[in-house]
Structure formats: structure tokens, C-alpha cells
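Heads up, the thing below is written out as C-alpha cells.
The values are calculated or read from the model by the stated rules, or taken from the named source; none is laboratory data. Just so it is clear, the model here is predicted, and its values are computed rather than measured. Ideal geometry is used to build each Cβ from the backbone, glycine not excepted, and the neighbour counts take in all protein chains shown. We work out accessible area using only protein heavy atoms, side chains counted, and drop any ligands, DNA or RNA first. Shrake-Rupley method; radii C 1.70, N 1.55, O 1.52, S 1.80 Å.
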Amino acid sequence: MKTSSVSLLLGVCVLLLSALTVCAVSLSVSPNLQQFFTAASVSLTCEGQLGSDGWTVKRDTGSATESCGAGGRGFGKINGPSCVFDEFKPVSGVYWCEGEAGEKSEEVNITVSDKEVILEIPALPVRTGRDVTLRCKNKIGGTAAAYFYFNGRPVGPKSEHIITINVQQSDEGLYWCSTDEFGSSPQSFLRVRDPTTPTPTTTKTSANIHISCSPPPLPNPSFIIPVIVTVGSLVLVVLVLVLVQLLWKKRTGRHQPASTNDVTYAEVTIRESANKMSVIQPEVIYSSLSINTTG
């Protein structure tokens, strides 16, 4: 029981430490879009609070997994901390940052289209209650009037240049736009998260998006306190269990019958002493009594 209790304690500690693990690097994509034309300029950067040394931008195109700046087997070129697509020709695929030990950031889907229009939709998951604006953009840089669709259903009854959605969890799904003049855009998936779920933050000074790593982000102080209380409670419970088990073993050990040792009895011979003293009988002296009888 003692060994199992210690193992349980270690397991609880490992799980709690794992829950508090923070991934050091996130993926930054500029601009904040999922869809691009073939001539677009796209930059991806692995960013972290302690730097991004040892991290590489990777992608999966469906046929191969490639690394940025890896020559013939890779894509793009490294420009400082960023990965820039060669000749400004991005390729559709899934992109992420990967560390030397195999750690991965959250993935980003990028769609490159040779169509006449694309849908401007954020790549960063959107929290419920936030407003999201969707546009149908043509190659010449303008915004085209279009019908917007969500999971195969029209969003509105008429064509619009832009639509704004106050996002709820039910708004998560596939979106695209369709125009009478330029045709339809590719489809992209809008991810929605609850406000209580930790999500990456977007800076207001740039169009970059910052996508958090797969492990949970660093909790705020209001979250740390309950975690510390929980850890302390679990450790205390395990220690009490160990103590109870030790006291139980000690108590039951006292009441166990003592083990009986074998006793060998040797033959004992009793001999009377040869110099036994004889019992001295008191001497009795009988004297003769003369009785004279006077006449």
C-alpha cells in the first residue's frame, strides 16, 4: 500500500504539472486570412516569449511534409525570424511551428486559389460574442457584391459587399461567397471558441494572428489559486492515506500472536546423595523402678 500510494502521489503531480505546461512558441501569420491569391505575399513566423530558436515552420500539402528553408525538400526562404514564400507563391496546406523535440503549435489552414474571388475570413479562432466581418474580394483588389453561404445555406436574402456576424458557437462551420460576375470562392472553416476557453490574442497594431500551441496557455492568477488549492488538497489526502496505512500495519502487528519457539527438554536424573545423614533418634533411658511394699 505504501508503494502504491507514493505512485499515486507522483501520478497526480505529473498530471497537474502537465495541465500547467505552457507551449513557448506560437505561429504568427501575416495577414490574418485563410484564403490567398497565387500572387499574394504571405509571411509565417514562430514567436515565443523566450525566443524561437530551434523552431521551424512546417507544412503538410497532402502529399508531403516540408520545412521552410530546407532547400529542394522544403519551401519558402528564411528572412530573419520569418518564413517567406519564394516568389510570393503560397501553396495550399496545413501550416504549423515545430520544435526540436517534436512540440507543435496549433495548425493553420491556408487555401491558395486561382479563382477570380476569395473569401476574406480570419484564420484565428473567434470567441463567441465577437463581431466578424466577411468580404468577397476579387483579384483587382475590390470588394464584390456576393451571396454568402454557411454550411450550404445562404446567410442573407440578397447580395452584400460585406456581412458582419456576432459570433455564437452555432456559427462555427464552412463559409464561402458567390458572385454573379466572378463566380464562387473556395470554402474555409471558421473556428469558434467559448470566452472561458483560453484562446490566442490578436494585436491591434498589426494584421498578424497569433495561434497558441497545443498545450494550454499560461493561466491567469485567478485560475492559478484554485489549482494550487486542488494540488495541496490532493497531496494532503494521499499523505493521510499513507499515514493511516502505516498506523494500521503497526496496530495489527501488535495483536498478532507471538511465534512459539521450540523447546527441547533434556533428560534430568535425580540421584540421592550417598552421604545422607541418618536421622538421630532421641535416646530413651529406662530406669528400673523398685517398689517396696511396707507391710
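Per-peptide packing, taken as the mean over residues of other Cβ atoms within 10 Å, places 30-37, 160-167 in the sequence 30-37, 160-167 from highest down. Packing, as the average of other Cβ atoms within 10 Å across residues, places the peptides 131-142, 181-192 in the order 181-192, 131-142, highest first.
Per-residue accessible area (protein heavy atoms, 1.4 Å probe) orders Val235, Val229 as Val229, Val235, starting from the largest. Using R0 = 22 Å, the C-beta based FRET efficiency linking Ser41 and Val94 works out to 0.65. Solvent exposure of Ser159, expressed as accessible area, is near 50 Å², computed with a probe of 1.4 Å over the protein chains only. Accessible surface for the range 115-185, divided over its residues, is 52 Å² per residue with a 1.4 Å probe. Near Gln34, once Lys and Arg are set to +1 and Asp and Glu to -1 for all other residues with Cβ below 11 Å from its Cβ, the sum equals 0. Let me make sure I get this right: for the range 75-123, a, b and c are the square roots of the gyration tensor eigenvalues over alpha carbons, sorted descending. Under 1.5 in a/c it's rounded, otherwise prolate if a/b > b/c, else oblate. Which is it? Oblate shape, in that a/c is at least 1.5 and b/c is the bigger or equal ratio. Using a cut-off of 32 Å between Cα atoms, the listed pairs Lys58/Lys139; Lys77/Lys139; Lys77/Lys104 include none that exceed that distance. When each of the peptides 121-127, 62-68 is scored by how many other beta carbons lie within 10 Å of its residues on average, the order from highest to lowest is 121-127, 62-68.
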